[in-house]
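See structure below.
The values are calculated or read from the model by the stated rules, or taken from the named source; none is laboratory data. Since the structure is predicted, the reported quantities are computational estimates derived from the model, not experimental observations. Don't worry about glycine lacking a Cβ; one is built from the backbone with ideal geometry, like all the others, and counts go over all protein chains shown. SASA here: full protein model, heavy atoms, side chains in, ligands and nucleic acids out. Shrake-Rupley method; radii C 1.70, N 1.55, O 1.52, S 1.80 Å.
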Amino acid sequence: MKTKLLYFFVTSFLILSSCSNNDDSSTTLPEPTTPEAGEVTPLDLTKYESGNNVMMQTFYWDVEPRGDWWDILSEKVASWADAGVDRLWLPVATKGQSGGYSMGYDPSDYFDFGEYEQHGTTETRFGSRTELENLIKKAHENNLEVIADIVINHNSGGGEEYNPYRDKNTYTLFDETHGNASGLFNRNYENFYPNSTSNYDEGSLFYAEQNLDHNQDYVQNWLWKQDNSVAKYYKNTMGFDGWRFDYVLGYEPWIVKAWLDEVGGFSVAELWDGNPVVLKKYIEETGSNVFDFSTFYKLEEALDRYEDLTYLDKEMLWQTYPEKAVTFTANHDTEKDSNEDNFIMAENKLIAYAYILTHPGYPTIFYSDYENEAFQEEIKQLITIHNSLAIGETEILYVDADEYIMKRKGTSENPGLIIYINTSDTTKRRTVKSNWTSSTLIDYSLNSTYVPYAKEDGEVNLEAPGKGYAVWSTTTPQE
């Protein structure tokens, strides 16, 4: 599961005289004190483990070509495993109302994985059931867990029927001839809000007439309780290992908790809220991981909106729940959002990845970023760093509008790291206190050829390129 760091030898020093614009220290930078450059050898990062890998989001909106996606992903599984990925988040795998065009977020038949002719197609947009099963099998052969995207708030694509609770016709009839060819989990107007036992659910922001009533035993039984429920079928028959809960703002936290209590597995909830207090409360109510929108928005504010790295010194979920914070820099929704405050600009993406892959949390890599030839090798190197050196307590050593320096303190067996982000136009250096003593350092991100030396007291003068970052650690193996 680990990748090998390409061994590199530093062959030149970059001696610069530029300092931070707000640095009151001398404008003459000190010369580094190091052994001869040819003697500098990086650590073998395959010998270190942080205890944490990364998840790959394996899709983007409207993936092409339609019908081939499961096979395309199958070809990438082995290389992703080699890069340090340990989970694959798949798109919604069952038939939606839009048939072969559906991305799955308009769920119709929870048990049609591309085997029933309905909504104008047999295969889903992503392929056939057999192709999906082959993908899951290949992932497991490469020791990767497979995460199912679960949409249990709203339904779409049912037949029309008279709904006495709305006194009009609604598309709430799901049976063998109306959008549910599998014949499993048939539904009608009694299973959606409002009905004979429940009033309208104000939490439903869309698909209001087809919003499932989770209070009903019938719905609970089919979603997670009985042996052939959605949850148990996904887990025991299809082989999924965990869950990504879509749009959890549309239903109560107890539903996720009940699901997990029944079937277990890794889970992450899409609670689109940048307030870390809201995210913490949801974790405590459900026991589920959540996507760390608080960190996503702080990165967007720091790198894009305000161009001020002091926003990275504000409250984020990973600071209090690092084991539950699933960090990310992009997903299928943010990348198609027209609101510029809801996505991180391409020119700042790699800095954002450098942040989440050096800080606590469980990072998610977005398919389109990883498969971008301009980004891939750099992201792979960051994954290697994350899976090996990103361990230990965090300490911000310095932060201002265009510089951010953070230390992972490591352990007795692992040296940890220091990340230096610089959003100014020019290369900068700054003296900080490291954990390493009498030690030559190098930039394991490969962005700098500068070779600093940590003194006996740990003081070291580090560097970061303009509009970029460096990830520093020692070249002295831990004893």
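Here are a few things to note about the model shown:
- Along principal axes, Cα extents of segment 35-187, largest first, whole Å: 84, 30, 23
- Gyration tensor verdict on segment 167-265 (Cα atoms; rounded if a/c is under 1.5, prolate if a/b is larger than b/c, oblate otherwise): oblate
- In terms of packing, defined here as the mean over residues of other Cβ atoms within 10 angstrom, the peptides 134-142, 386-394 line up highest first as 386-394, 134-142.
- When the Cα atoms of segment 439-479 are aligned to their principal axes, the ranges along those axes come out at 34, 18, 11 Å in descending order.
- Dipole magnitude (debye, nearest 20) for segment 248-289, charges at Cβ of Lys, Arg, Asp, Glu: 120 debye
- For segment 172-180, Karplus couplings with θ = phi - 60° (6.51, -1.76, 1.60), whole Hz, Gly/Pro x: 10, 9, 10, 9, 4, 10, 9, x, 9
- With protein chains left intact and a 1.4 Å probe, residues in segment 219-338 average 36 Å² of accessible area per residue.
- Separation of the alpha carbons by more than 31 angstrom is noted, of Lys314/Lys349; Lys324/Lys409; Lys281/Lys380; Lys95/Lys138, for Lys281/Lys380.
- Normalised alpha carbon radius of gyration of segment 246-398 [divisor 2.2 N^0.38 Å]: 1.04
- A simple count of charges around Thr170, restricted to other residues whose Cβ falls under 11 Å of its Cβ and scoring Lys, Arg +1 and Asp, Glu -1, yields -2.
- Long-range amide H partners of Tyr247 with built H, under 5 Å: Glu270
- Size of segment 363-474: Rg and Dmax of its alpha carbons, in Å, are 14.0, 45.
- Hypothetical label at Lys257: residues of segment 305-328 whose amide nitrogen lies under 18 Å (7 Å Cα-Cβ projection): 324
- Segment 251-319 - percent relative contact order, Cα under 8 Å, separation 6 or more: 30 percent
- A simple spin-label model places the labels of Asp62 and Leu249 2.3 nm from each other, with each point 7 Å out along Cα-to-Cβ.
- Highest average packing first - 40-50, 110-120, Cβ atoms within 10 Å: 110-120, 40-50
- Spherically averaged projected area in nm², based on the convex hull that wraps the Cα atoms of segment 112-242: 8.6 nm²
- Summing Lys and Arg as +1 and Asp and Glu as -1 over all other residues whose Cβ lies under 10 Å from the Cβ of Phe366 gives a net charge of -2.
- Sparsely packed loop sites in segment 355-447 (the trypsin sites (Lys or Arg not before Pro) outside DSSP H, G, I, E and B with at most 13 other Cβ atoms within 10 Å) do not occur.
- For the pair Asp313 and Glu393, label points projected 7 Å from Cα toward Cβ lie 1.9 nm apart.
- Beta bridges per DSSP with both ends in the chain, % antiparallel, nearest 5: 60 percent
- Computed over the chain: relative contact order in percent, which uses C-alpha pairs under 8 Å that are six or more apart: 15 percent
- Peptides 453-463, 84-94 ordered by average Cβ neighbours within 10 Å, highest first: 84-94, 453-463
- Reducing segment 311-355 and segment 62-79 to their Cα centroids gives an inter-centroid distance of 25 Å.
- The local environment of Lys324, defined by Cβ-Cβ distances under 11 Å, has a net charge of -2 under the rule Lys, Arg +1 and Asp, Glu -1.
- Taking the empirical scaling 2.2 N^0.38 Å for compact globular proteins as reference, the chain has a Cα radius of gyration ratio of 1.09.
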